[in-house]
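Below you'll find the structure, written out as structure tokens, and then a few comments.
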Amino acid sequence: MSKVPADLKYTETHEWIRTEADGSVTVGITEHAQEALGDIVFLELPEAGRKLAAWESCAVVESVKAASDVYAPLAGEVIAANQAAADAPESVNADAYAAWLFKLRPAADASTASLLDAATYQSALAEE
């Protein structure tokens with residue numbers, strides 16, 4: 001069973017979201033996602049300043065098996081991309097919750113209320 005930290009929010013498309021003290025959100029892919037993808041060999045991350053709509057495809061994680069889109073869990077503006085992860089994509093396999101992909105400043109009307117809590121996400125994984 002994949003690790004699912006209780007302090008994060010999740011999406012049905014296997015992104016994790018951490019709300020930071022300054023109101024920004026950090027986004028990555030879950031342990032389940034990186035396990036399903038296998039050895040990650042390339043990350044294409046959004047550039048700072050890019051405006052995203054909720055659920056817009058904004059990044060790509062490529063593994064030896066497949067390429068998978070990463071979706072913005074909220075509307076907002078990208079404020080940072082994790083260049084260290086892009087330079088060493090295997091770091092996502094090593095620890096998917098430490099190797100975040102990008103940070104987002106949510107739009108004024110964006111809310112994390114529709115995102116899944118850890119228990120709900122874990123239940124969804126059990127159904128797959």
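Tell me, what is the percent relative contact order of the chain, built from C-alpha pairs under 8 Å that lie six or more residues apart? Walk me through the numbers before you get to the answer.
Numbers: 276 pairs, mean separation 39.1, N = 128.
Reported as a whole number, the value is 31 percent.
Tally Lys/Arg at +1 and Asp/Glu at -1 over every other residue whose Cβ is under 11 Å from the Cβ of residue 22; what's the total? The partial results should precede the final answer.
Details: positive: 103, 105; negative: 20.
Charge balance in the 11 Å sphere: +1.
For residue 3, give me every one of the lysines with a C-alpha distance below 29 angstrom, ignoring sequence neighbours fewer than eight places off in its own chain.
Residue 3 reaches 65, 103.
With +1 on each Lys and Arg Cβ and -1 on each Asp and Glu Cβ, how big is the dipole of the chain about its Cα centre, in debye rounded to the nearest 20? Before the final figure, lay out the partial values.
On the way: 8 positive and 21 negative charges, 54 e Å.
It comes to approximately 260 debye.
At 222 nm, what helix-only mean residue ellipticity would the chain give, in deg cm²/dmol to the nearest 500, using -39500 (n - 2.57) for each DSSP H run of four or more?
On the way: 4 runs with 27 residues, N = 128.
Helix-only estimate at 222 nm: -5000 deg cm²/dmol.
Go ahead and set up a Gaussian network model of the chain, Cα springs under 10 Å, then flag whichever of 39, 117, 95 fluctuates most.
95
Please identify every one of the trypsin sites (Lys or Arg not before Pro) in the range 27-114 that sits in a loop by DSSP and has no more than 15 other beta carbons within 10 Å of its own beta carbon. Spell out each step's value before the answer.
Details: sites: 50, 51, 65, 103; in loops: 50, 65.
Sparse-neighbourhood loop trypsin sites (Lys or Arg not before Pro): 65.
Using only alpha-carbon positions, what ratio does the radius of gyration of the chain give when scaled by 2.2 N^0.38 Å? Could you put the intermediate results ahead of the total?
Values: Rg = 13.5 Å, N = 128, 2.2 N^0.38 = 13.9 Å.
Normalised by 2.2 N^0.38 Å, the Cα Rg of the chain equals 0.97.
Provide 27, 41, 64, 78 in ascending order of the number of other Cβ atoms located within 10 Å of each residue's Cβ, fewest first. Before the final figure, lay out the partial values.
Details: 27 25, 41 15, 64 9, 78 21.
Going from least to most buried by this count: 64, 41, 78, 27.
Using 0.36 nm per residue, how much length does the chain from residue 107 to residue 62 gain when fully extended, once their Cα-Cα distance is taken away?
Values: separation 45, 0.36 × 45 = 16.20 nm, distance 2.83 nm.
Fully extending the segment from residue 107 to residue 62 adds 13.4 nm.
Gaussian network model of the chain, Cα springs within a sub-10 Å range: biggest mean-square fluctuation belongs to which of 79, 17, 29?
79
For residue 69, what is the net charge nearby, where nearby means another residue's Cβ is under 13 Å from its Cβ and Lys, Arg count +1, Asp, Glu -1? Write down the numbers at each step before the final one.
Values: positive: none; negative: 15, 44, 56, 62.
Net charge around residue 69: -4.
At most 11 other Cβ atoms within 10 Å and a DSSP loop assignment: could you name the GluC sites (Glu not before Pro) in the range 7-49 that fit? Could the numbers behind the result be given before it?
On the way: sites: 12, 15, 20, 31, 35, 44, 47; in loops: 12, 20, 47.
Answer in residue order: 12, 20, 47.
Report the local net charge at residue 9: Lys and Arg +1, Asp and Glu -1, summed over other residues whose C-beta lies under 14 Å from its C-beta.
Numbers: positive: 18; negative: 7, 12, 15, 20, 117.
Combined, the nearby Lys, Arg, Asp and Glu give -4.
Between rounded, prolate and oblate, where does the range 70-128 land on the alpha carbon gyration tensor, with a ≥ b ≥ c its root eigenvalues, rounded for a/c under 1.5, else prolate if a/b exceeds b/c?
Details: a/c = 3.05, a/b = 1.08, b/c = 2.82.
Cα axes put the range 70-128 in the oblate bin.
Read the figures in this text as sums done on the coordinates, not as results from a lab. Quantities reported herein were computed from a predicted structural model and do not represent experimental measurements. So basically every Cβ, Gly included, is an ideal-geometry build from the backbone, and we count neighbours across all protein chains shown.
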